[in-house]
Amino acid sequence: MEVILSVLSQLSHFMQAYYSAIALSMVATLLVIYGDVLNKRLKRFVSPHHFIIRTLVFVLVCAFGYGLLTVFAAPFIKQLILMIPHLYRGISIIAVFLLLGYLAEHRRYI
């Protein structure tokens, strides 16, 4: 039991310097998995409008919307990671990435 706790603690300690990058990659992965759903809804919303309006909205949403979402959501995800007790952070991060992999598989991205 003590060996397992030591491994969990070392795993969490190893990942500690990378929490910001880990959070960013989680947000980016979610956007890759579900970005097409958001784009389809956006397309339905703007399709009756003129080409220039559709193009402008698409550029604003894709360039600035997704960018802002990534910039503001990543620190929030990092704070969620920091709320997990230190002993379980490493294994929790691995579990989240496995869940993201499952979601990608479920949406036929893998």
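Summary of values
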| read-out | value |
| --- | --- |
| Accessible area in the full protein assembly, largest first, 1.4 Å probe, for LYS78, LYS40 | LYS40, LYS78 |
| Inter-centroid distance (Cα atoms) of the range 7-35 relative to the range 82-110, Å | 8 |
| ARG107 long-range amide H proximity, modeled H, under 5 Å | none |
| Carbon and sulfur %, accessible surface of the range 1-91 computed with the full protein complex present, 1.4 Å | 75 |
| Solvent-accessible surface (1.4 angstrom probe) belonging to LEU80, in square angstrom, nearest 10 | 80 |
| Two-site FRET efficiency, ARG107 against VAL57, from Cβ-Cβ distance with R₀ of 30 Å, rounded to 0.05 | 0.80 |
| Read-out percent of Cα pairs over 24 Å apart, derived from the coordinates shown; its label in [x] 19; [y] 42; [z] 27 | [y] |
| Per residue accessible area of the chain, 1.4 Å probe, in Å² | 73 |
| Distance between modelled label sites at ALA95 and SER25, nm, 7 Å Cα→Cβ extension | 1.9 |
| Computed E for LEU80/ASP36 - FRET, C-beta separation, R0 25 angstrom, nearest 0.05 | 0.50 |
| Helix-only [θ]222 nm of the chain, DSSP H runs n ≥ 4, -39500 (n - 2.57) each, per residue, nearest 500 | -27500 deg cm²/dmol |
| Sequence of VAL59, VAL32 from largest to smallest accessible area, 1.4 Å probe | VAL32, VAL59 |
| Label-point gap, in nm, between GLU2 and PHE14 - each point 7 angstrom along Cα→Cβ | 2.2 |
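The values are calculated or read from the model by the stated rules, or taken from the named source; none is laboratory data. The structure displayed is predicted, hence computed values, not measured ones. Positions of Cβ are generated from backbone atoms using ideal geometry, with glycine treated the same way; all protein chains shown enter the neighbour counts. Side chains are part of the model used for accessible areas, which takes the heavy atoms of the whole protein and leaves out ligands, DNA and RNA. Shrake-Rupley method; radii C 1.70, N 1.55, O 1.52, S 1.80 Å.
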